Amino acid sequence: MFACLKCGGVLRVASVESEDARAGEIIEGTLECEGCRNATPIVRGIARFVPSESYASSFGFQWNRFDRLQLDRHMKSDLSRDRFDRTTGWSERMEGQRILEAGCGMGRFTDLALETGAEVVSFDLSLAVEAAWRNNRGSPRLTLFQASIYGIPLRQKCFDKIFCMGVLQHCPDVRGAFRGLLPFLRPGGEIVIDVYEKSHGLPPLKYMARPFLRPLGTEGIYRLLRWTIPPAFEVKKALHKIPALGPKVAALVPIGALSHADKGLYYSDDELKEVKILSALDMLSPVYDQPQTMEDVQHWFEDAGLVEVELKRGYNGINAKGKRPN
Ligand SMILES: [Zn+2]
């Protein structure tokens, strides 16, 4: 499965310092290239093909703190399921297929890809991959590692399906990140992505707030949100109960809705405060946030020679898919 990033050679296990024999997992050890002897450490159960999180560290912080809030299995919701199904349009059963997920975060979609019965290979640049490992460990059909989308240590043309959701806009070279996925698609295979859409009107508030918040760093932004959002929620809730003008004044408190029941999500107040902190952190902390236009994405797919291309607006902005010709 793995291919050396330096020479393309096959990687094999060179040393095992500790393992979980029952799960069949190496916890600490080393992979080594049979060709050039380049070594890749396995740390806390995960092969590490990059020395650091680089530009993605905000996601490492975010998804290790909020490692289960968007996990359907944990929240008993269909939030991730709906988005996954609507974006991919894939069949419920995919036994015998091999799926590559680029940018797994804490593994909300990894879980769903595994549910299809397919073999799933997944990675993230950030330490979110450790949250994904905690959430999905023990599955014999999952291969998980830490790597960059610009240097994926896998054999080419191996995958029936590739998906990359909630990721591309957070990469420094968005189109380059998309193009880097294509060599791994087998002929006839399908790639599915979503990416934020560039708005034509005024830029969203988050882009104006960011320059002021950036000096705080991810952890500082998180502390600020944790300090302000829960009391703001209580104030908004109290205002909302005041007859007549109450709800109108409450609407001015910019933390979103007091309930998500209209979306079929029944959070407790404490959960909803967490959802709001996560959502604000996700908006305010990424280093890169580069929305794209429909035309841009159409060109990516056409220039790559993909066929049966479909573009539509969806949950996360633009949803697109296409197939590599046979
Ligand atoms: Zn090598």
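The values are calculated or read from the model by the stated rules, or taken from the named source; none is laboratory data. Values in this document were obtained by computation on a predicted structure and should not be read as measured data. Here the Cβ is made from the backbone with ideal geometry for all residues, glycine too, and neighbour counts use every protein chain on show. Heavy atoms of the whole protein, side chains included, go into the accessibility calculation; ligands, DNA and RNA do not. Shrake-Rupley method; radii C 1.70, N 1.55, O 1.52, S 1.80 Å.
Do the conditions hold for residue 266, that is, is it open to solvent by 30 Å² or more (accessible area, probe 1.4 Å) and either under 19 Å from the mean Cα position of the chain (by Cα) or in contact (Cβ under 8 Å) with a residue 60 or more places away in the chain (or both)? It is false that residue 266 is open to solvent by 30 Å² or more (accessible area, probe 1.4 Å) and either under 19 Å from the mean Cα position of the chain (by Cα) or in contact (Cβ under 8 Å) with a residue 60 or more places away in the chain (or both). Taken over the range 189-208, the criterion of being open to solvent by 30 Å² or more (accessible area, probe 1.4 Å) and not charged (D, E, K, R) is satisfied by 196, 199, 200, 201, 202, 203, 204, 205, 207, 208.
Each row is one residue, and each column tells you yes or no for (1) within 29 Å of residue 320 (Cβ to Cβ); (2) part of a helix (DSSP H, G or I); (3) modelled with pLDDT under 90; (4) of a type in the set (Lys, Arg).
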residue: 208; (1), (2), (3), (4): yes, yes, yes, no
residue: 217; (1), (2), (3), (4): no, yes, no, no
residue: 220; (1), (2), (3), (4): no, yes, no, no
residue: 224; (1), (2), (3), (4): no, yes, no, no
residue: 229; (1), (2), (3), (4): no, yes, no, no
residue: 233; (1), (2), (3), (4): no, yes, no, no
residue: 248; (1), (2), (3), (4): no, yes, yes, yes
residue: 277; (1), (2), (3), (4): no, yes, no, no
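Residue 48 meets the stated requirement of being open to solvent by less than 40 Å² (accessible area, probe 1.4 Å) and touching a Phe, Trp or Tyr at 6+ places or on another chain (Cβ under 9 Å). Counting only helices (runs of 4 or more DSSP H) wholly contained in the range 57-111, no element carries 3 or more residues that are open to solvent by less than 30 Å² (accessible area, probe 1.4 Å), in contact with a Cys (Cβ under 7 Å, 6 or more places away or on another chain) and modelled with pLDDT under 95.
The residues of the range 281-326 that are hydroxyl-bearing (Ser, Thr, Tyr) and open to solvent by 70 Å² or more (accessible area, probe 1.4 Å), listed by number, are 288, 315. Is one or more of the residues making up the range 250-272 in a helix (DSSP H, G or I) and in contact with a Leu (Cβ under 6 Å, 6 or more places away or on another chain)? Within the range 250-272 (the criterion being in a helix (DSSP H, G or I) and in contact with a Leu (Cβ under 6 Å, 6 or more places away or on another chain)), the answer is yes, since at least one residue qualifies.
Do you know which of the residues in the range 2-34 that are within 14 Å of the ligand (Cβ to nearest atom) and open to solvent by 60 Å² or more (accessible area, probe 1.4 Å) is nearest to residue 123 (Cα to Cα)? So the residue we want is 5. Before we move on, is residue 180 under 29 Å from residue 147 (Cβ atoms), open to solvent by 20 Å² or more (accessible area, probe 1.4 Å), assigned to a helix (DSSP H, G or I) and free of Cβ contacts under 8 Å to residues at least 40 places away in the same chain? Judged against the criteria, residue 180 is a match.
Say whether the condition of being within 25 Å of residue 197 (Cβ to Cβ) and either open to solvent by less than 50 Å² (accessible area, probe 1.4 Å) or in contact with a helix residue (DSSP H, G or I) (Cβ under 6 Å, 6 or more places away or on another chain) (or both) is met by at least one residue in the range 234-251. Taking every residue of the range 234-251 in turn, none turns out to be within 25 Å of residue 197 (Cβ to Cβ) and either open to solvent by less than 50 Å² (accessible area, probe 1.4 Å) or in contact with a helix residue (DSSP H, G or I) (Cβ under 6 Å, 6 or more places away or on another chain) (or both). Taken over the range 35-56, the criterion of being touching an Asp or Glu at 6+ places or on another chain (Cβ under 9 Å), in a loop (DSSP other than H, G, I, E, B) and within 16 Å of the ligand (Cβ to nearest atom) is satisfied by 38 alone.
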